[in-house]
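Colleague: Okay, here's the structure, questions in a sec.
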Amino acid sequence: MTSNSSPTNSYPIKTVVVLVQENRSFDHMLGWMRSLNPKINGVTGSESNPISTSNPNSKRVQFSDRSIYVDPDPGHSIQDIYEQIFGEPWSEASAAKKLPPMMEGFAQNATRQEKPKEATTLTMTEAVMNGFKPDLVPVYKELVKEFAICDNWFASVPASTQPNRLYVHSATSHGLTSNDPYKLIGGLPQKTIFDSLDENGFTFGIYYQQPPSTLFYRNLRQLKYIDNFHEFGLTFKNHCEEGKLPNYVVIEQRFFDLFSIPANDDHPSHDVGEGQKLVKEVYEALRDSPQWNEMLFVITYDEHGGFYDHMPTPVDGVPSPDDIVGPEPFKFKFDRLGVRVPTIFISPWVEPGKVLHEPCGPFPTSQYEHSSIPATVKKIFNLPNFLTKRDAWAGTFESLLTLTRPRTDCPEKLPDPIKLRETAAKERAKLSEFQEELVLLAATLNGDHRKSIYPDKLVENMCVSEAVIYVEDAFNTFLNECEKAKKNGADGSEIVDCANSCSTQSNSKNLFHKLLSCVTCDR
């Protein structure tokens, strides 16, 4: 598990750590950091959106700084995002107009989805048009001051969570613009940065807190990679202390919100304070590691989650990664990016207070987006090939590593986060789209995808607390069957099919847990 380095690697970085948080725009999370550093292309308070883009006399909603605990989950489907960017609902006729990205449709889209307001929360429209004061996200405030921020980083796809998460490690979503439960069954087939690293003698590790979403990639289900998955609480700090972190580290957070163990992924309605705790925990473990002077830690967000951002999204010169066209009715060609999202770079090789703006190539239209991560990893580790046309085009950020020697003044501790939610976790809540996808992923791992309950009946009445039990049971079933296959001498390239080999039963004393275990094993 010890890190490897290429003999031709001219960069001081031997370990890249990646954390992808959920569903927040740049202006929403970091826009008000401009008050601390005027170099940041954030907000001034003059930004606004009309309630109706078709009415020139429409009331306008000013962007403000009243975000605290955000309960409404704004629209962030491909059609919602189209309206937010271009100011009118999607239609074939509208798409044919090739409208400019005016970023004027956020309030209008939110108003259409408005729900009854709770006493302690903002309305949907208010939530969309507000951001956090820097003091409410003190961990980010300190990191922005001490390290580097990119104010020109966009989601790879103007769509929801999963397509964008797929770009982070593979520079394509293989045609996905939303959830497709049947493509999940075999796993997404594209080559990933994990494969490239492994083929060239480098190491990777995925540190998960709940069953990992990276198993959406088919290749990561292979037996040879199962030992690359590590339970975060049991292993991460130990690997940091012992100097055993691999070359490429992915932190997978908690996506399900429970009373005892709150979600820390920043997805509404989860408490951003819990996400701040996670970032603090990861940073301080990395800072204490003997590998610190060879690290680069990247924090970004998968997509903007429907929250306002004033920066026009790039619509010209964006290459399709693999010429796959998305499904009907949108038939998206993957030729424009999503909304801008927060991205922070942390390393002792980075100057404090640095702001990364537009990239200088490799093409005139190149931008920073999620494919910039595999593109930069390729450069740092001198990997031979790009994954797709998208990471070949994306800007890379190794230019941040400007210092001739590592800093010795990096803070050892970060400020304590602020609890922003006064109410308890909503364990009985319906699942979000991404949570449903994680349940369906679990069903493809334990074999339930072959049953009549897959996909709709499996998730239609499931709540958050039930989903946690189900996905953890399913993942443990999969891991157990993988271990059996390895002991029986199965080839490392094989992927276990639990529908044919399931024989593991849970030891949980919870009745619902036991019932799910029986369903899982088809008994």
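The values are calculated or read from the model by the stated rules, or taken from the named source; none is laboratory data. Quick caveat, the model's predicted, so the values are computed rather than measured. Note that we place each Cβ from the backbone using ideal geometry, even for glycine, and neighbour counts take in every protein chain shown. Side chains included, ligands, DNA and RNA excluded: accessible areas come from the protein's heavy atoms. Shrake-Rupley method; radii C 1.70, N 1.55, O 1.52, S 1.80 Å.
Colleague: With (1) without any contact (Cβ under 8 Å) to a residue 12 or more places away in the chain; (2) within 29 Å of residue 316 (Cα to Cα) as the list, and residue 57 as the residue in question, which single condition is left unmet?
Modeller: Residue 57 satisfies every listed condition except (2).
Colleague: Counting only residues that are open to solvent by 10 Å² or more (accessible area, probe 1.4 Å), at pLDDT 95 or above and touching a Pro at 6+ places or on another chain (Cβ under 9 Å), give me the helices (runs of 4 or more DSSP H) lying completely in the stretch 149-264 with at least 2 of them.
Modeller: Qualifying helices (runs of 4 or more DSSP H): 232-242.
Colleague: Under 8 Å between Cβ atoms, at least 6 apart or on separate chains: pull out the pairs that start in the stretch 234-247 with a residue that is without any contact (Cβ under 8 Å) to a residue 40 or more places away in the chain and end on any residue that is open to solvent by 70 Å² or more (accessible area, probe 1.4 Å).
Modeller: 238/244
Colleague: For the stretch 275-292, what are the residues that are open to solvent by 10 Å² or more (accessible area, probe 1.4 Å) and under 17 Å from residue 131 (Cα atoms)?
Modeller: Residues satisfying the conditions do not exist here.
Colleague: Could you list all residues from the stretch 456-467 that are in contact (Cβ under 8 Å) with a residue 12 or more places away in the chain, open to solvent by 10 Å² or more (accessible area, probe 1.4 Å) and not charged (D, E, K, R)?
Modeller: 458, 459, 462, 465
Colleague: Let me ask you something else. In the stretch 115-142, what residues are charged (D, E, K, R) and either modelled with pLDDT of 95 or more or open to solvent by less than 70 Å² (accessible area, probe 1.4 Å) (or both)?
Modeller: 126, 133, 135, 141, 142
Colleague: Out of (1) of a type in the set (A, V, I, L, M, F, W, C); (2) free of Cβ contacts under 8 Å to residues at least 40 places away in the same chain; (3) in contact with a helix residue (DSSP H, G or I) (Cβ under 6 Å, 6 or more places away or on another chain), the odd one out for residue 360 is which?
Modeller: Only one criterion is unmet by residue 360, namely (3).
Colleague: Next up: I need the strands (runs of 3 or more DSSP E) fully contained in the stretch 293-405, keeping only those with at least 1 residues that are open to solvent by 50 Å² or more (accessible area, probe 1.4 Å).
Modeller: Answer list for the stretch 293-405: 354-356.
Colleague: Here is a follow-up. Scan the stretch 19-48 for residues that are part of a loop (DSSP other than H, G, I, E, B) and either buried (at least 24 other Cβ atoms within 10 Å of the Cβ) or in contact (Cβ under 8 Å) with a residue 40 or more places away in the chain (or both) and jot them down.
Modeller: Matches in the stretch 19-48: 22, 23, 24, 25, 36, 37, 39, 40, 41, 42, 43, 47.
Colleague: Give 427, 412 a once-over and let me know the one that is touching an Asp or Glu at 6+ places or on another chain (Cβ under 9 Å), of a type in the set (Asp, Glu) and buried (at least 16 other Cβ atoms within 10 Å of the Cβ).
Modeller: Only one candidate qualifies: 427.
Colleague: Is there any pair linking a residue in the stretch 414-429 that is under 25 Å from residue 147 (Cβ atoms) to one that is of a type in the set (Gly, Ala, Ser) and surrounded by 14 or more Cβ atoms within 10 Å (Cβ to Cβ), with Cβ under 6 Å and at least six apart or on different chains, and which?
Modeller: Close Cβ pairs satisfying both conditions: 417/273; 418/273; 419/273; 420/273.
Colleague: Something else now. Considering every residue within the stretch 444-456, establish whether at least one is of a type outside the set (A, V, I, L, M), over 29 Å from residue 192 (Cα atoms) and not in a helix (DSSP H, G or I).
Modeller: yes
Colleague: Which ones in the stretch 130-154 are of a type in the set (Phe, Trp, Tyr) and under 18 Å from the mean Cα position of the chain (by Cα)?
Modeller: Matches in the stretch 130-154: 140, 153, 154.
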